[in-house]
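Chemist: Below is the structure I would like to discuss, written out as structure tokens.
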């Protein structure tokens, strides 16, 4: 049975139904931006990658103890395609699911989910409070301090980069570029954003 492909509007509406926390919505938008950027880089379906990035943490605000499992249930109840559901669930591999990322889309989501948090935290402590003038070396400096953005699991980022066959620095640079595309929506376009 072929399930209808969700639109970006439907995905955003579904995200809003389960998330009111502004930080979580901004994180979803950041991941969407990076997924779209990476899809263009891979020559893949930008809309699909973006939509999956947008809903990847769909269940996190209401069901943090059932993360990914509840998203799977919600997406299935909303008749989403299996490929989309699997991708969302796979980003929790080794943390809350045993679904290993296998496609470029899944590996990218796995790698950049945590990294967007680190990049955002590094941007917020910059004088400009922006990703628009940020370089990968700024994030590299913060990477070394385990106390900085302590909740970011750096091992997952490294594992994701390895799965993609990418150097960490290149993944950081690509993540910054993807976040620049949505800097205004995620509040990282400068002090007034």
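Chemist: Once each part is reduced to its C-alpha centroid, what is the distance from the stretch 99-152 to the stretch 155-190 in angstrom?
Modeler: Going from one Cα centre to the other spans 6 Å.
Chemist: Right, next: With a ≥ b ≥ c taken as the square roots of the eigenvalues of the C-alpha gyration tensor of the stretch 1-42, please select rounded if a/c is under 1.5 and otherwise prolate if a/b is larger than b/c or oblate if it is not?
Modeler: oblate
Chemist: Now for a different question. Once a ≥ b ≥ c are taken as the square roots of the eigenvalues of the Cα gyration tensor of the stretch 7-93, is the result rounded (a/c under 1.5), prolate (a/b larger than b/c) or oblate (a/b not larger than b/c)?
Modeler: Since a/c reaches 1.5 and a/b is larger than b/c, the shape of the stretch 7-93 is classed as prolate.
Chemist: Using the eigenvalues of the Cα gyration tensor, what equivalent ellipsoid semi-axes result for the stretch 81-144 when each is taken as the square root of five times the eigenvalue, whole Å, largest first? Walk me through the numbers before you get to the answer.
Modeler: Details: eigenvalues 175, 27, 17 Å².
Ellipsoid semi-axes (Å, largest first): 30, 12, 9.
Chemist: Calculate the translational D of the chain in whole µm² s⁻¹ from Stokes-Einstein, where the hydrodynamic radius comes from the Kirkwood formula applied to all Cα pairs, the temperature is 25 °C and the viscosity 0.890 mPa s.
Modeler: Estimated via Stokes-Einstein, D reaches 148 µm²/s.
Only the coordinates and a few stated rules stand behind these numbers; no lab work does. These figures come from a predicted structure and were not determined experimentally.
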